[in-house]
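The values are calculated or read from the model by the stated rules, or taken from the named source; none is laboratory data. Computed from a prediction, not measured in an experiment: that's the story for all the values here. Areas reflect the complete protein model, heavy atoms only, side chains present, ligands, DNA and RNA absent. Shrake-Rupley method; radii C 1.70, N 1.55, O 1.52, S 1.80 Å.
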Amino acid sequence: MGACTSSIGTWMQSTAQSWLIYDLSDSTILLGLDRFLGEIPIVLLSLFGGVLADRVNRRYILLGSQLLQMICATILTVLLVTGAISKANGRVWPILVLSFFVGIAQAFGGPAYSALVPSLVDKEHLPNAISLNSIQFNLARVIGPALGGTALATLGAAWCFGINAVSYVAVIFTLLIIRPSFVPSATKASVFESIKEGIDFVRKRAAMVPLIGLTFSMTFLAVALMQFLPVFARTILHEDEKAFTYLLIASGLGSVAGALVVAAFSKRRGLGKPSLIVLAILGLLTTSFAFSRSLLVSLPIVFLCGGALISMFAMVMSMVQSIIPDDMRGRVMSVYNLALRGGMPLGALAAGYLIPIFSLPTVLAWNGVLMVVISIYFWMAHRDVASL
């Protein structure tokens, strides 16, 4: 319940922050840079976060991560309330700096959280747990943008950031009362030796390297659809922040539906081929969305995109988690998170620079085509993934 509450606040802030940056700057480059700065710490620090998650009580790591994110949301609220950030001065850099610090918190919190969930359930229930966790996360994607869009339109962005800051209280309380089964074992290995052990595990375990590559490709190409929805709503559909909120809600509802489907049919094996099929479908949907010029047409497409994206995410996550021993989980999941989250800033930054040159619909269309190509490539060249 605490995680869901925090996720709602996070999505409220994300909704307001994307719109605020574009409203202050009218720049897709800065919008992409914000995503880049929020994700690049994960690329730089995630492997260290994975080692920490295998050596230290994972609850303590998550508590520190949540506290830092709460502080950043509070500072952003104060900056807006005091007018240090406003339309008059067009000051964006404080938002970018705070995004970077949130990224640092998530670089350590991500591996700890990914490793904590399996220690709360039996292994045979792991795919369902992952899917159900995706459901609560994506329920927040529905509720958060709805509340965020309403607060943004009626009260202003400061309320979205302030509510997010308060929401961390619930998740911090939850972390204080749970008791995971995993107890870190003592080790004399250095941090870099532990990182090497995690990387060696990924290299030597069948299908792990292709799964990591598939994850990176998916996030690199799919992130543009969600990151640049404010641009699409304003410049392509010629709508306001309410339409942007509707698109986010539709995506969130689709994600919940996709997670429910995976939870109902998930199993330890047999997810490889369905995941590649879903990636191809996501590519076709993304290309279709690029050609839409109507909100009524865009809403069902983005609903299906949300469902396909979360289904792909849940299936790949289930395949990865099912083959990791618990004492290696933090380090291996840090490699996975590095691919998952590393693709996001690079994809957002690349799209942010390409959009002014080729247009947003063109970039989205080509991203969709590339997803279909990658799906076919993995189906043909990496049978070990298709056979999982």
Quiz prompt | Under 24 Å, Cα to Cα: Lys pairs in the chain, sequence gap 8 or more or different chains | solution = 9
Exercise. Starting at the first residue of segment 152-165, write each ³J(HN,Hα) from the Karplus equation 6.51 cos²θ - 1.76 cosθ + 1.60 with θ = phi - 60°, in whole Hz, x for Gly and Pro.
Key: 4, 6, 9, 10, x, 5, 4, 5, 4, 5, x, 5, 4, 4
Quiz item: What is the Cα centroid distance between segment 230-262 and segment 286-316, reported in whole angstrom?
Solution: 9
Quiz item: Between rounded, prolate and oblate, where does segment 330-388 land on the alpha carbon gyration tensor, with a ≥ b ≥ c its root eigenvalues, rounded for a/c under 1.5, else prolate if a/b exceeds b/c?
Solution: oblate
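Could you provide, to the nearest whole Å², the per residue accessible area of segment 310-350 with probe 1.4 Å?
Per-residue value: 19 Å².
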Quiz prompt | Value of D in µm² per second that Stokes-Einstein yields for the chain, Kirkwood Rh from Cα pairs, at 4 °C (1.567 mPa s) | solution = 62
Quiz item: In whole Å, what are the Cα extents of segment 279-388 along the three principal axes, biggest one first?
Solution: 50, 27, 27
Quiz item: Counting only protein heavy atoms, what percent of the accessible surface of segment 185-231 is carbon or sulfur at a 1.4 Å probe?
Solution: 64
Quiz item: Averaged per residue, what accessible area in Å² does segment 190-275 show with a 1.4 Å probe, protein chains only?
Solution: 43
Practice problem: Return one whole number: the accessible area per residue of segment 67-114 in Å², for a 1.4 Å probe. | Solution: 44
Exercise. Considering only protein heavy atoms, with the full assembly of protein chains and a 1.4 angstrom probe, order Val56, Val81 by accessible area, largest first.
Key: Val81, Val56
Self-check item: Karplus-derived 3J(HN,Hα), 6.51/-1.76/1.60, for each residue of segment 366-383, Hz, glycine and proline x
Solution: 5, 4, x, 4, 5, 5, 5, 4, 5, 4, 5, 4, 5, 4, 8, 9, 10, 5
Quiz prompt | Rg followed by Dmax, in Å, when segment 257-343 is reduced to its Cα trace | solution = 15.2, 50
Quiz prompt | Under the Debye formula (equal points on every Cα, no solvent term), log10 I(q)/I(0) of segment 193-318 at q = 0.22 Å⁻¹ | solution = -1.21
Quiz item: What is the distance in Å between the Cα centres of segment 325-342 and segment 32-84?
Solution: 17
Quiz item: For the chain, what is the calculated [θ] at 222 nm in deg cm²/dmol (nearest 500), taking -39500 (n - 2.57) for each run of four or more DSSP H residues and dividing by its residue count?
Solution: -28000 deg cm²/dmol
Self-check item: Alpha carbon convex hull of segment 211-274, projected area averaged over orientations, nm²
Solution: 5.4
Quiz item: Given 0.36 nm per residue, what is the gain on full extension from Ile29 to Asp240 after removing their alpha carbon distance, in nm?
Solution: 74.0 nm
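Any idea what diffusion coefficient segment 34-124 gets from Stokes-Einstein, in µm²/s, Kirkwood Rh on alpha carbon pairs, 25 °C, 0.890 mPa s?
Working: Rh = 14.3 Å.
The diffusion coefficient I find is 172 µm²/s.
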